[in-house]
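Here is the structure we will look at, set down as structure tokens.
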Amino acid sequence: MRIIAIANQKGGVGKTTTAVNLAAALAAVGRKILLLDLDPQGNATSALGVESDGSRSLYGPLIGQGSVKDNILSSPVENLWLVPAGLDLAGAEIEVARMDDHLTRLRDALGFLATETGFDCAFLDCPPSLGILMTNALAAAHELLVPLQCEYFALEGLSKIVQVVEQIRQSEANPGLAIGGIVMTMYDGRTNLSQQVVGEVRSHFPEVIYETVIPRTIRLGEAPSFGKTILDYDPHGTGALAYRELAREFLDRQIRSGGMPRD
Ligand code: ATP
Ligand code: MG
């Protein structure tokens, strides 16, 4: 059972798109996946077409009211379950910050995943800021998956993330945290810039970067507005193909490192 935080402090880089579609692609090959929406915007929740009345989210568990388990909903995708987000999560930033154990609230709330459930993997879709919610996700996760947009300042953003991971590692919150993967998103093969950025990241992080690159496609941008994953919305397009490839590579790595069983 692995807990993966999908995080990048930069907004709009493809965190939610990757969380939803990687989760769906893993679910499609039979893995049992839990997606936890940690962003008050609730983009992962609506992208999956889940209508949430706001009564379920990680807010309660974070402030010590109720369990994560009681906030899990099934999704329209087989093998994929969701803890939806609600606007109340925005309030958690402030309330949790006041608590003594503010860094480890989520880690403790997710403790049950290690033993009690049949999930193979849990993804935390993080909000785009270095606030309490994101640091809680980093403290709770075994590893980080960083979506990185193919753009000029990508490497600068990445060095900031590396710094934050180092800080979390040095605090007692999560000494074992590692960047398990970097996935390049919104790749446009027609531009030199995209190719250059991928090349640079690859030369700095050869072990961590995924071979699979997610192309910029209109379909990936459209799918969430229909509440569908790319596998349902455009199953034969390049976006679906890319996320299936990413899922295959992700599984390979997990199996090799012992994070997930072969089947
Ligand atoms: P935030 O920081 O606000 O949570 P995010 O990092 O989760 O953003 P997304 O919401 O996944 O980013 O993507 C930002 C926007 O770009 C969305 O409108 C999404 O549909 C679109 N998008 C994401 N990936 C792609 C892609 N590969 N091709 C085209 N559009 C994309
Ligand atoms: Mg998002």
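Cross-link pairs exceeding 25 Å between alpha carbons, from the set K15/K160; K32/K160; K32/K69: K32/K160. Springs join every pair of Cα atoms under 10 Å in this Gaussian network model of the chain, and among L87, L124, L26 the largest mean-square fluctuation is at L87.
Model label points for L73 and S159, set 7 angstrom from Cα along the Cα-to-Cβ axis, are 4.2 nm apart. Using alpha carbon centroids, what distance separates the range 65-81 and the range 2-61, in Å? Here the two parts' Cα centres lie 11 Å apart. Looking at the chain alone, DSSP beta bridges between its own residues are antiparallel in about 5 percent of cases. Between R253 and I94, the modelled labels are 3.8 nm apart [label points 7 Å from Cα along Cα→Cβ]. Screening the chain for whole DSSP H helices with an alpha carbon extent of at least 15 angstrom along the helix axis and a mean Kyte-Doolittle hydropathy of at least 0.5 yields 15-28.
Averaging the inverse of every distinct alpha carbon separation and then flipping it gives the Kirkwood radius. What is it for the range 14-133, in angstrom units?
14.3 Å
The residues packed around E93, meaning those with a beta-carbon under 13 Å from its beta-carbon, carry a net charge of -1 if Lys and Arg are +1 and Asp and Glu are -1. When Rg and Dmax are taken over the Cα atoms of the chain, they come to 17.1, 51 Å. Determine the shape class of the range 163-202: with a ≥ b ≥ c the square roots of the Cα gyration tensor eigenvalues, call it rounded for a/c under 1.5, and otherwise prolate if a/b is greater than b/c, oblate otherwise. Verdict is prolate for the range 163-202. Highest mean packing first, where packing is the average number of other Cβ atoms within 10 Å per residue, the peptides 95-102, 54-61 line up as 54-61, 95-102.
What shape does the range 67-162 have by the C-alpha gyration tensor, where a ≥ b ≥ c are the square roots of the eigenvalues, rounded means a/c under 1.5, and otherwise prolate means a/b greater than b/c and oblate the rest? It is oblate, given that a/c is not under 1.5 and a/b is not larger than b/c. A simple count of charges around G49, restricted to other residues whose Cβ falls under 14 Å of its Cβ and scoring Lys, Arg +1 and Asp, Glu -1, yields -4.
Computed from the coordinates by the stated procedures, all read-outs in this text should not be read as laboratory data. Fair warning: this is a prediction, and the values are worked out from it, not measured in the lab. A quick note on method: Cβ atoms are made from the backbone with ideal geometry, for glycine too, and the neighbour counts reach across all protein chains shown.
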